[in-house]
Amino acid sequence: METFVIALTVFILATFLGFEVITKVPPLLHTPLVSGSNAISGITIVGSLICAGGGFEAVAAILSVCAVSFAMINVVGGYLVTHRMLKAFRKSRT
Amino acid sequence: MSLNIINFAYIAAAICFILGLKMMAHPRTSVKGNIISAAGMLLAIVFTLWDREIVDYRLIPIGLVIGSGIGAVLALRIKMTAMPQMVALLNGFGGAASTLVAGIELMTASARGTVITDQFTIAVAASGLIGAVTFWGSYVAFDKLQEWILGGKPYHFPGQQLLNVTLLVACVIVGVMIVLNPSAVYLYWILVAIASVLGVMFVLPVGGADMPVVICLLNSYSGMAGCATGFVINNNALIIAGALVGSSGIILSDIMCRAMNRSLFNVLLGVLGPTEGTPTADAIYAGKIKSVTAEEVSMLFDAARRVVFVPGYGLAVSQAHHVVKDLANMLEAKGIEVDYAIHPVAGRMPGHMNVLLAEADVPYDKMKEMDEINPTMSQVDVAVVVGANDVVNPMARTDPKCVIGGMPIIDADKARTVVVIKRSLSPGFAGIPNPLFAMDHTLMFFSDAKKAFIDLIAAVKAG
């Protein structure tokens, strides 16, 4: 129960922090914001790695390789595409 | 490696994510911010590999290589115009990964006979539900944006809302059953199956122009799914990162809804509101439409000092953003001041137009937000509306009862002359005629956007 309360506290504080930080982002950068925050949601890679490295039986093993692949698509694709877009904005400063 | 050091690494990763998002507040710092955020992710991945729970390293490289490869190819090859689809797709993968992780955790916990807490099972059920809805919802959104199987139209059938509520209730019931009986792993996959149907059903009624809201919402869901997975494996990095993304998506969907003067509920149900009492297209357009050629528009530019482009989704469809910039360069060379007026929901995702124009090297200080440009619209000599319709429809101001009544719009009609580049007089997503097209100072340039700009460039050169 104690760990749950701590986790819940972290969750609530992080949500408020998210609101504060995100409202400062101008509409100009909303697309990179969506793709960049999308890449952050790829943090589920951490869980996927723990599953894939746990030494499990066949079904779980196959599923965990899928989980790692999916999360990595999310992480690598998300950060790269965000970088591509943001670079275009920086370049456009004349 | 000791658990403490790994946990410190997770805190560091979370700080990187927060800093990265914070630096997204300005184009100057945003590139660095994204790199810091990515570095945080790398840190989290590397330190996870040191975790004591990881005993077998044979499978991990396979997944890492496949995922990184696909992700990199997607990111580098996607066209800027297709960015909404790309984001939908990536969201879906994140949701799927969360669903799988929760499922595997439940499978192993019951196979190994570990003591299972309620927190664990509740989080597993939440992760499965949100993750599956995210994956299938994102796929439907992707399909609609790509206009593959479903096309861009909203789908309605009788009892749709009742079905969705039933599906959601069914998910909750199965979720409770999982909590009461955690060893029955098959229940989890039943939950995932029902949630998958729910995911498909919830995006089906949403139409193309409402996609910005759905993209934001799915973004939020993928964060919340990650967050739920964080509760499953008791990991603060997942909880913090998931909460950040969750709140980000919620804020953005709220901004999008406000920009359309509609409620989130309304958008999700695909309801546009009453259309009665709206004058017919014939009554508005009859005998009042003036069509022009590229040469005539070019003469307008000769007499202009300030020109504003108002882009919409049509710009993305015809990939006209580069030629718009070429024309703008020519006008600027003649000493004309050129700006771009961008409506918050123009395009298929928030900021879609900004990204396109940035790709075409338009300086970002020339992209004006609606509230910034509207007060000065009356000093604009020529407003060129390209591929936009509902976001410049003055009925939103004048007729509070119409479908888009009260929606904030770009006041293109207040410019001295308005040129509308459009293929035909067909209505926009709202399905109502646009009195702007019939105004005395409006000229219709019937053409595909890209072709129109190529013709205009030729005409300005010749003039």
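Here are some notes:
- Qualifying residue in the range B:102-109 (condition: within 7 Å of chain A (Cβ to nearest Cβ), crowded, with 24+ Cβ neighbours inside 10 Å, free of Cβ contacts under 8 Å to residues at least 12 places away in the same chain and part of a helix (DSSP H, G or I)): yes
- The residues of the range B:228-268 that are buried (at least 24 other Cβ atoms within 10 Å of the Cβ) and closer than 13 Å to residue A:18 by Cα, listed by number, are B:239, B:240, B:241, B:242, B:243, B:244, B:245, B:246, B:247, B:248, B:249, B:252.
- Matching residues in the range B:168-196 - criterion: being hydroxyl-bearing (Ser, Thr, Tyr) and either closer than 16 Å to residue B:135 by Cβ or outside any helix (DSSP H, G or I) (or both): B:183, B:188, B:196
- Condition met for residue B:297 (modelled with pLDDT of 95 or more and in contact with a strand residue (DSSP E or B) (Cβ under 6 Å, 6 or more places away or on another chain)): no
- Checklist (1) free of Cβ contacts under 8 Å to residues at least 40 places away in the same chain; (2) facing chain A (nearest Cβ under 10 Å) applied to residue B:333, failing item: (2)
- Looking across the range B:6-33, the residues that are among the aliphatic types (A, V, I, L, M) and assigned to a loop (DSSP other than H, G, I, E, B) come down to B:24, B:25.
- Count - residues of the range B:336-376 that are facing chain A (nearest Cβ under 9 Å) and acidic (Asp, Glu): 4
- Hits in the range B:120-149 - residues which are surrounded by fewer than 18 Cβ atoms within 10 Å (Cβ to Cβ) and in contact (Cβ under 8 Å) with a residue 40 or more places away in the chain: B:146
- Count - residues of the range B:51-62 that are in contact (Cβ under 8 Å) with a residue 12 or more places away in the chain and surrounded by 12 or more Cβ atoms within 10 Å (Cβ to Cβ): 1
- Of all residues in the range B:143-167, those that are assigned to a helix (DSSP H, G or I) and touching a helix residue (DSSP H, G or I) at 6+ places or on another chain (Cβ under 6 Å) total 4.
Residues are listed down the side, and each one gets a yes or a no for (1) modelled with pLDDT of 90 or more; (2) small (Gly, Ala, Ser); (3) under 24 Å from residue B:317 (Cα atoms):
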| position | (1), (2), (3) |
| --- | --- |
| B:352 | yes, no, yes |
| B:361 | yes, no, yes |
| B:368 | yes, no, yes |
| B:398 | no, no, no |
| B:405 | no, yes, no |
| B:411 | yes, no, yes |
| B:418 | yes, no, yes |
| B:425 | no, no, yes |
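- Matching option when the condition is of a type outside the set (Gly, Ala, Ser), touching a residue at least 24 places away in the same chain (Cβ under 8 Å) and at the interface with chain A (Cβ under 8 Å from one of its Cβ atoms), among B:48, B:81: B:48
- Put simply, of B:196, B:183, B:222, B:247 the only residue that is in contact with a Phe, Trp or Tyr (Cβ under 6 Å, 6 or more places away or on another chain) and either farther than 21 Å from residue B:95 by Cα or within 14 Å of chain A (Cβ to nearest Cβ) (or both) is B:247.
One line per residue, one yes/no per condition, for (1) free of Cβ contacts under 8 Å to residues at least 60 places away in the same chain; (2) assigned to a helix (DSSP H, G or I); (3) surrounded by fewer than 24 Cβ atoms within 10 Å (Cβ to Cβ); (4) β-branched (Val, Ile, Thr):
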| position | (1), (2), (3), (4) |
| --- | --- |
| B:329 | yes, yes, yes, no |
| B:349 | no, no, no, no |
| B:362 | yes, no, no, yes |
| B:373 | no, yes, yes, yes |
| B:383 | no, no, no, no |
| B:401 | no, no, yes, no |
| B:405 | no, no, yes, no |
| B:413 | yes, yes, yes, no |
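- Residues (in contact with a Pro (Cβ under 8 Å, 6 or more places away or on another chain) and part of a helix (DSSP H, G or I)) located in the range B:429-453: B:435, B:436
- Taking the criterion of being surrounded by fewer than 14 Cβ atoms within 10 Å (Cβ to Cβ) and within 7 Å of another protein chain (Cβ to nearest Cβ), the only residue of the range B:63-77 that qualifies is B:76.
The values are calculated or read from the model by the stated rules, or taken from the named source; none is laboratory data. In this text the structure is predicted, and so the values were computed from the model without any measurement. Don't worry about glycine lacking a Cβ; one is built from the backbone with ideal geometry, like all the others, and counts go over all protein chains shown.
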